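Here the structure is laid out as structure tokens; the discussion comes afterwards.
The values are calculated or read from the model by the stated rules, or taken from the named source; none is laboratory data. In this text, all values refer to a predicted model and were calculated from it rather than measured experimentally. A quick note on method: Cβ atoms are made from the backbone with ideal geometry, for glycine too, and the neighbour counts reach across all protein chains shown. Quick note on the areas: whole protein, heavy atoms, side chains included, nothing else; ligands and nucleic acids left out. Shrake-Rupley method; radii C 1.70, N 1.55, O 1.52, S 1.80 Å.
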Amino acid sequence: MYEFSYHKPSSVADAAQAIGAADDPKILAGGQTLLPTMKQRLASPSDVISLRGCRDLVGISSDGSTVTIGAMTTHAAVASSADVQKAIPALAALAGNIGDAQVRNRGTIGGSLANNDPAADYPAATLALGATIVTTKRELSADAFFTGMFETALEEDEIITAIRFPVPHAAAYAKFDNPASRYALVGVFYAKTSDGPRIAITGAGQGGVFRSTEIEDQIAAGKTPDSSSINESDLNADIHASAAYRKHLIGVMAKRAVAAAG
Amino acid sequence: MPSVSMTVNGKQVSGTVEPRTLLVQFIRENLHLTGTHVGCDTSQCGACVVHVDGASVKSCAMLAVEADGSTVTTIEGLAGNADVLHPMQEAFRDNHGLQCGFCTPGMVMSAIDLVNNNPTPTDHEIRDWLEGNICRCTGYHNIVKSIAAGAAAMKGQKAAAE
Ligand SMILES: Cc1cc2nc3c(=O)[nH]c(=O)nc-3n(C[C@H](O)[C@H](O)[C@H](O)COP(=O)(O)OP(=O)(O)OC[C@H]3O[C@@H](n4cnc5c(N)ncnc54)[C@H](O)[C@@H]3O)c2cc1C
Ligand code: FES
Ligand code: FES
């Protein structure tokens with residue numbers, strides 16, 4: 001790891017200021033992605049700005065129609081939250097199955113969304129549930145937030161402060177784990193919302209997480225979902241799975257998610 | 001260089017570190033507590049697991065400066081005195097839960113966090129929890145047995161104390 005200066009501001013406003021004043025800053029949340037990246041020297045920020053001092057970024061609240069989760073809330077806290085378990089059990093279950101216990105004790109929802117790993121779990125839930133990403137500058141719909149593999153609409157000096165999830169009628173997440181990394185080889189999050197069914201697919205797309213309106217239409221019409229409409233050339237192929245296999249898994253996982261949501 | 005202070009195994013410690021110093025380096029190199037191991041240094045193996053403010057974390061994936069003001073427990077801090085092992089350590093010894101022992105400190109620290117959250121884990125829950133701990137010797141079977149026995153012993157100890 002290259003040298004850097006470390007800052008631990010005690011408010012989001014101070015954090016934004018520290019980012020503005022630095023040459024090549026990086027925000028540090030749980031560090032579960034950023035620190036390994038820095039060790040491999042794939043990232044070499046001049047300044048690391050830790051959000052650990054910003055206590056107001058931690059916490060979960062629920063008012064019956066919306067669950068709001070602070071950006072620095074850990075996966076373990078979301079998984080064990082009685083509020084999340086009651087309002088959106090599929091989201092609590094998803095958080096409880098990310099990586100391993102130690103990753104869940106440090107990793108945060110804000111870090112996961114900002115990173116937008118193409119095989120990460122939270123992006124699927126955020127997109128399918130039609131969540132709102134609240135930042136220091138604005139509020140973004142999930143549809144506008146995810147812009148490509150490891151890419152988001154976030155600006156350099158923009159900090160995610162919270163995520164607001166509308167409570168769906170029902171939801172479920174079906175994940176086919178990569179047995180080595182536990183990231184999603186393919187994961188499908190299904191939400192039955194007041195605007196109809198929403199399906200978001202992670203692990204498969206070359207452009208990261210995406211929705212399939214064709215599968216959504218099938219579900220709305222009461223048909224069994226299948227993945228025949230998915231274009232294989234838009235999917236990832238690697239040593240873990242071919243594009244054709246991922247396409248097949250999208251159909252299987254969509255069926256399982258719809259069945260599990262009931 | 002930033003200075004850090006924290007409580008490690010019940011003792012107040014402090015030191016100056018580079019911002020890039022990992023918690024595991026601080027524990028091993030500054031405090032000379034070498035029971036916490038580095039197996040992979042890439043967040044995969046769990047040999048470096050310690051407790052920070054009561055939760056198990058991989059100390060190779062946390063900066064020492066981030067533990068400033070925290071309470072840290074390492075494998076050396078479990079046994080009350082040199083003659084009496086922690087029930088989970090004792091269970092690993094009794095059930096042949098280790099061979100070379102390299103993974104064991106991380107296994108034990110991870111197991112105690114599990115039991116603190118779930119005092120009576122099933123074998124399936126134990127295996128699931130061990131996702132982040134890799135052992136290249138035992139085949140896990142005796143580790144799972146050890147943790148089940150350790151959980152029962154911890155429960156007994158807690159009941160006796162109440
Ligand atoms: C062994 C292992 C297994 C894993 N398995 C899974 C898995 O199965 N599924 C899964 O989804 N993930 C998995 N992960 C990733 C894990 O969930 C990470 O915690 C997560 O991707 C990053 O969160 P973090 O809080 O650690 O962020 P960090 O590593 O601290 O930051 C990640 C990036 O986000 C930026 N950032 C962080 N917070 C903010 C913010 N509030 N606003 C703006 N930018 C911000 C940082 O600058 C950095 O670029 C795994 C990780 C490991 C090490
Ligand atoms: S040394 Fe930390 S996980 Fe392997
Ligand atoms: S006992 Fe040798 S690695 Fe586990």
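Screening A:Thr152 with (1) modelled with pLDDT under 95; (2) within 10 Å of ligand 1 (Cβ to nearest atom) gives one miss only, at (1).
For B:Val13, are the conditions met, namely being open to solvent by 20 Å² or more (accessible area, probe 1.4 Å), in contact with a Leu (Cβ under 9 Å, 6 or more places away or on another chain) and away from ligand 2 (no atom under 11 Å from the Cβ)? If you could, list the steps in order and put the result at the bottom.
Numbers: open to solvent by 20 Å² or more (accessible area, probe 1.4 Å): yes; in contact with a Leu (Cβ under 9 Å, 6 or more places away or on another chain): yes; away from ligand 2 (no atom under 11 Å from the Cβ): yes.
Here the answer is yes, as B:Val13 does meet what is asked.
Considering only residues of the range B:126-136 that are within 11 Å of another protein chain (Cβ to nearest Cβ) and not aromatic (Phe, Trp, Tyr), which is surrounded by the fewest Cβ atoms within 10 Å (Cβ to Cβ)? Working first, answer last.
Applying the first criterion (within 11 Å of another protein chain (Cβ to nearest Cβ)) to the range B:126-136 yields B:128-134.
Those still in the list that are not aromatic (Phe, Trp, Tyr) too: B:128, B:130-134.
On the way: B:Asp128: 15, B:Leu130: 23, B:Glu131: 18, B:Gly132: 22, B:Asn133: 27, B:Ile134: 17.
The qualifying residue surrounded by the fewest Cβ atoms within 10 Å (Cβ to Cβ) is B:Asp128.
Within the range B:32-46, residues that are on the phi > 0 side of the Ramachandran plot and acidic (Asp, Glu) sit with their Cβ atoms under 8 Å from residues that are modelled with pLDDT of 95 or more and more than 6 Å from ligand 2 (Cβ to nearest atom), at 6+ positions apart or across chains, in these pairs: B:Asp41/A:Lys39.
For the range A:213-262, what are the residues that are in a loop (DSSP other than H, G, I, E, B), of a type in the set (Gly, Ala, Ser) and over 22 Å from the mean Cα position of the chain (by Cα)? Listed by number, the residues that qualify are A:Ala221, A:Gly222, A:Ser227, A:Ser228, A:Ser229, A:Ser242, A:Gly262. Taking strands (runs of 3 or more DSSP E) as the structural unit, those lying wholly within the range A:1-97 and holding at least 3 residues that are open to solvent by less than 20 Å² (accessible area, probe 1.4 Å) and more than 16 Å from ligand 2 (Cβ to nearest atom) correspond to A:47-50, A:66-70.
Being open to solvent by 20 Å² or more (accessible area, probe 1.4 Å) and hydrophobic (A, V, I, L, M, F, W, C) is the filter; apply it to the range A:199-221 and report the residue that is farthest from A:Ala153 (Cα to Cα). The extreme case among them is A:Ala221.
Could you check, for the range B:90-107, whether at least one of its residues is within 16 Å of ligand 3 (Cβ to nearest atom), under 20 Å from A:Ala76 (Cα atoms), touching a Gly at 6+ places or on another chain (Cβ under 7 Å) and in contact (Cβ under 8 Å) with a residue 24 or more places away in the chain? Break it down stepwise before answering.
The initial filter retains those residues of the range B:90-107 that are within 16 Å of ligand 3 (Cβ to nearest atom), namely B:91-107.
After this cut, where a residue has to be under 20 Å from A:Ala76 (Cα atoms) as well, the list is B:106-107.
Next cut, touching a Gly at 6+ places or on another chain (Cβ under 7 Å) only: B:106.
Now drop any that are not in contact (Cβ under 8 Å) with a residue 24 or more places away in the chain, which leaves B:106.
Yes, the range B:90-107 contains at least one residue that is within 16 Å of ligand 3 (Cβ to nearest atom), under 20 Å from A:Ala76 (Cα atoms), touching a Gly at 6+ places or on another chain (Cβ under 7 Å) and in contact (Cβ under 8 Å) with a residue 24 or more places away in the chain.
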